[in-house]
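Here the structure comes first, spelled out in structure tokens, and everything after it is commentary.
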Amino acid sequence: MPELLLELFCEEIPARMQARAAEDLARLFAERCTALIEAPPLTFHGPRRIGLVALLREAVTTAGKEERGPRIGAPEQALDGFLRKHGAAREMLTQEGQFWVLAKPGETVEARALVAVAIPAIIRAFPWAKSMRWGGTSPMPWVRPLKRILCVLDGVVVPFDLRLGDDDGHGLTSGDLTEGHRIMAPGAFAVRGLTDFQERLRERRVVLDAAERARLIRQGIETLCAAEGLTVVPDEALVTEVAGLVEWPVPVLGRIDDAFMDLPSEVMRTTMRVNQRYFALRRADGSAAPRFALVANIAAPDGGAAIVAGNERVLRARLSDARFFWDLDRKQSLESFLPKLDSVVFHAKLGTQGQRVARLERLARIIAAKVGADPDDAARAARLAKADLATGMVGEFPELQGVMGRYYALGQGEKPAVAEAIAAHYRPAGPGDDVPADPVAISVALADKADQLAGFFAVGEKPTGSGDPFALRRAALGIIRIVRENGLRLALHSVLEQAMAGYIDQWRGSPWLAAVPKQIAPLIKNAEIRHEMLEVAARLESEGLAPNERILVRIMDLGRMPALREHGIPVYVVPQTASSGELTRVFRATDAVEVPGAAPLGHELMDFLTDRLRVQLRVEGTRHDVVTAVLGAAPDDDLNRLLRRAAAVRDFVESEAGANLLAAHRRAVNILRIEEKRDGHAFDTGYEHHLLKAREEEALAAALEPAAARIELDLSAEDFERAMEAMATLRAPVDAFFDKVIVNDPAPELRRNRLKLLARLRATMDAVADFSKIEA
């Protein structure tokens, strides 16, 4: 089967773009050459190349088609002309109705021809996140200047170029040439296939496979560290990045001056990682080692001594800068940095970081009382949680937010719990990150995430299917993990309402604007509001803004909001004092933000959290349909109680008794739905005992009442397993009822009573969960 080898060789590609580019190349090739491909293409990528290898069919046959010819009885000249046009013989014609029809067989197209058309189109339309133009002969972009195109099919070049009209495509044509290491093996060489390609590249000091480069980096550093009794601080993201920076990885160790070893280990690690892509090392006891690892892209004759010396000089300069910020920041207390946060914008619609701190301080105190934390400690930690954003160190290294706050808090004598909460309140930052476990840290972390969710939902910046720019899904998942992993019994709806209340308190001192439709304006009875309407309208008209459909009314008192909403008038907020310019912008509906009520928003946020919980359970392989069923019976904002109840329901429906009872529930629900539709009303649960004629319906009624009472008691006591046991007692009488009793009895009173009995069964089971939501 023919093997296609394609390599696009260019100047250095940013490491973060390489893997995605290789995936895009394979996807685009598969889209254009679907009929040719036997198996998904294999890809490769590196600092100067992306490419793929694919096994192709030798040719593909296009679908045949029919061409309608002249009418039957048309002149011979017309028929001959039609046959000449299509290169066909008279024997190939058939009659269909009043016309001659030519059935043209499909054409066979060789793989080489299809590839020669597909690759230039892919290159010209390639979806780089960022690209550049170069030279003066072609506007065609690429991530960095494209130098060569290697394209061989079974060892033979597939000929094509990138010319398109007047655009010469930088004069690039396909060939069989590529290049090895820029320094150790410069120059071009020819290849015929994948094996030849890999072997010749390795001879010329290029490791083609990114995964192999990453493995060599790990093994090389670990070997060097083991010789000195050290270990590398795990950083798989850095390994991946460095594998995209080097073609021939050669790990070496460098030394850190003792003068810098008193810096926090996180500072040294971040300085080395962010600025230089160095790996931090540590001693056997876990403390920072005065050594670092770097990966050279060359096997130097001196064993890398000159490379190490040069990098050590660079690192000294970097750590000197970090030392400067460390010493400078510690000359002030964390408290003294807080006024600077009043000029740091959190979000244009949500105010400053200073206002955010005030909200967090209030909310953390409320949550502390619910999670067993000292309210004063939680409020203090929340007050200082964002202070390090104004420090020099975090300004230089944003990755250290929270970490530096902890160090500075400990240095100025804050309680350890307060300092730890400053560092931990950002967690969890991702799926693999630990959640805060100390009650004070839990209080601040929950407050931070609840405030984030409430604020962005309040101003309409909600996640969509295509994006989540403010990481609200991550914040919701953080709340879920903190609550679950710490076993917290917490009414989250109340927490979310309190978070929204913080924004409403903040906005009370801001100017408010009501967008009043003209047709509603005459209905406003409040004379002061009418007067303000006329004043604002006059201002806008004097500035050349003639209101069309609405008039802006400046409202300083939030107490008027309910009166306005009674008339269907949306209320908007502007975070700064409403100058004429700001009134103009709000009039044009660019800066206007409708202010929701705290209670409706709390429900919306709770729905968002439970949706994220379902997604997380699906990821964990847990039955999310059970959670949906439990929520359908009794909405619950105590996640751990909800999950315990869901676990009990899951175990029940997966048991033999539960599966049978679930089937019976579905049967009962279906019958009731049909009969209620037929009768035009729902059946209540008040069946009459004297109308229970069959032994089986008497047995079901006798089992239902004690089971329903026990289920109610057990649910109230949160003994969900016992509630399931009580429900399981219904299995035998329910099975017997459906086996022996005809629900739609000819006697109307018996039919109606049996439907009421089924309604009682449905209500009893639905008190536990909405079993109609359980997937079969």
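The values are calculated or read from the model by the stated rules, or taken from the named source; none is laboratory data. In this text the structure is predicted, and so the values were computed from the model without any measurement. Methodologically, a virtual Cβ is constructed for each residue, glycine included, from the backbone with ideal geometry; neighbour enumeration extends over all protein chains shown.
Scanning the stretch 300-324 for residues that are surrounded by 14 or more Cβ atoms within 10 Å (Cβ to Cβ) and not in a helix (DSSP H, G or I) returns Ala300, Gly304. Looking for something under 26 Å from Lys147 (Cβ atoms), part of a strand (DSSP E or B) and in contact with an Asp or Glu (Cβ under 8 Å, 6 or more places away or on another chain) - is there at least one such residue anywhere in the stretch 230-237? No, there is no match, as no residue in the stretch 230-237 is under 26 Å from Lys147 (Cβ atoms), part of a strand (DSSP E or B) and in contact with an Asp or Glu (Cβ under 8 Å, 6 or more places away or on another chain).
Out of all the residues in the stretch 476-485, is one or more closer than 16 Å to His425 by Cα, without any contact (Cβ under 8 Å) to a residue 60 or more places away in the chain, in contact with a helix residue (DSSP H, G or I) (Cβ under 9 Å, 6 or more places away or on another chain) and not in a helix (DSSP H, G or I)? Looking through the stretch 476-485, none of the residues is closer than 16 Å to His425 by Cα, without any contact (Cβ under 8 Å) to a residue 60 or more places away in the chain, in contact with a helix residue (DSSP H, G or I) (Cβ under 9 Å, 6 or more places away or on another chain) and not in a helix (DSSP H, G or I). Against the test of being more than 18 Å from Leu341 (Cβ to Cβ) and buried (at least 22 other Cβ atoms within 10 Å of the Cβ), the options Lys462, Lys449, Lys386 yield a single qualifying residue, Lys449. The helices (runs of 4 or more DSSP H) found entirely in the stretch 351-400 that carry 1 or more residues being among the β-branched types (Val, Ile, Thr) are 353-371, 392-396. Within the stretch 210-221, identify whether any single residue is loosely packed, with under 14 Cβ neighbours inside 10 Å, more than 25 Å from Ile119 (Cα to Cα) and either touching a residue at least 60 places away in the same chain (Cβ under 8 Å) or small (Gly, Ala, Ser) (or both), and answer yes or no. Yes; the residues of the stretch 210-221 include at least one that is loosely packed, with under 14 Cβ neighbours inside 10 Å, more than 25 Å from Ile119 (Cα to Cα) and either touching a residue at least 60 places away in the same chain (Cβ under 8 Å) or small (Gly, Ala, Ser) (or both). When Leu25, Leu8 are checked against the criterion of being among the aliphatic types (A, V, I, L, M), at negative phi and in a strand (DSSP E or B), Leu8 stands alone in meeting it.
Of all the listed residues (Val295, Val242, Val246), the sole one being in a loop (DSSP other than H, G, I, E, B), buried (at least 19 other Cβ atoms within 10 Å of the Cβ) and either touching a strand residue (DSSP E or B) at 6+ places or on another chain (Cβ under 6 Å) or in the same structural domain as Arg49 (by TED's automatic domain parsing) (or both) is Val246. Within the stretch 424-441, work out how many residues are buried (at least 23 other Cβ atoms within 10 Å of the Cβ) and either closer than 22 Å to Leu338 by Cα or not assigned by TED's automatic domain parsing to the domain that holds Arg484 (or both). Here the count works out to 4. So, in the stretch 249-269, of the ones that are outside any loop (DSSP other than H, G, I, E, B) and acidic (Asp, Glu), which residue ends up farthest from Asp302 (Cα to Cα)? Step by step, filter the stretch 249-269, then rank; the result is Glu266.
Look at the stretch 739-750: where a residue is within 11 Å of Ile671 (Cβ to Cβ), no partner that is among the aromatic types (Phe, Trp, Tyr) sits 6+ places away or on another chain with Cβ atoms under 6 Å. From the set of residues in the stretch 45-87 that are of a type in the set (Asp, Glu) and surrounded by 13 or more Cβ atoms within 10 Å (Cβ to Cβ), which is farthest from the chain's Cα centre (by Cα)? Checking each candidate, the answer is Glu67. Listed by position, the helices (runs of 4 or more DSSP H) inside the stretch 720-776 whose residues that are assigned by TED's automatic domain parsing to the domain that holds His681, at pLDDT 90 or above and over 30 Å from Asp636 (Cβ atoms) number at least 2 are 731-740, 748-766.
Residues that are in a helix (DSSP H, G or I) and without any contact (Cβ under 8 Å) to a residue 12 or more places away in the chain within the stretch 325-348 comprise Asp327, Ser336, Ser343, listed in sequence order.
For the stretch 119-136, indicate whether the set of residues that are farther than 30 Å from Glu241 by Cβ, surrounded by 12 or more Cβ atoms within 10 Å (Cβ to Cβ) and touching a helix residue (DSSP H, G or I) at 6+ places or on another chain (Cβ under 6 Å) is non-empty. No, because not a single residue in the stretch 119-136 is farther than 30 Å from Glu241 by Cβ, surrounded by 12 or more Cβ atoms within 10 Å (Cβ to Cβ) and touching a helix residue (DSSP H, G or I) at 6+ places or on another chain (Cβ under 6 Å). The residue of the stretch 1-24 that is surrounded by the most Cβ atoms within 10 Å (Cβ to Cβ), among those that are in contact with a Lys or Arg (Cβ under 9 Å, 6 or more places away or on another chain) and charged (D, E, K, R), is Glu7. Counting only strands (runs of 3 or more DSSP E) that fall entirely inside the stretch 29-136 and contain at least 1 residues that are polar (S, T, N, Q), out of contact with any Asp or Glu (no Cβ under 6 Å at 6 or more places or on another chain) and modelled with pLDDT under 95, the qualifying elements are 59-61, 93-96, 108-110. Can you report the number of residues in the stretch 328-358 which are β-branched (Val, Ile, Thr) and either crowded, with 20+ Cβ neighbours inside 10 Å or at pLDDT 95 or above (or both)? The qualifying residues number 1. Taking the numbered list (1) part of a loop (DSSP other than H, G, I, E, B); (2) touching a helix residue (DSSP H, G or I) at 6+ places or on another chain (Cβ under 9 Å); (3) farther than 22 Å from Glu12 by Cβ in turn, Met140 passes all entries but (3).
Going by the structure shown, is Val267 more than 27 Å from Thr43 (Cβ to Cβ) and either acidic (Asp, Glu) or surrounded by fewer than 20 Cβ atoms within 10 Å (Cβ to Cβ) (or both)? So Val267 fails the test.
Conditions tested, residue by residue: (1) touching a Ser or Thr at 6+ places or on another chain (Cβ under 7 Å); (2) under 30 Å from His170 (Cα atoms).
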{"position": "Leu8", "(1), (2)": "no, yes"}
{"position": "Met17", "(1), (2)": "no, yes"}
{"position": "Arg20", "(1), (2)": "no, yes"}
{"position": "Ala26", "(1), (2)": "yes, yes"}
{"position": "Ala30", "(1), (2)": "no, yes"}
{"position": "Leu36", "(1), (2)": "no, yes"}
{"position": "Pro41", "(1), (2)": "no, yes"}
{"position": "Gly69", "(1), (2)": "no, no"}
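One residue stands out in the stretch 274-287 among those that are surrounded by fewer than 22 Cβ atoms within 10 Å (Cβ to Cβ) and touching a helix residue (DSSP H, G or I) at 6+ places or on another chain (Cβ under 6 Å): the one that is modelled with the lowest pLDDT, namely Asn275.
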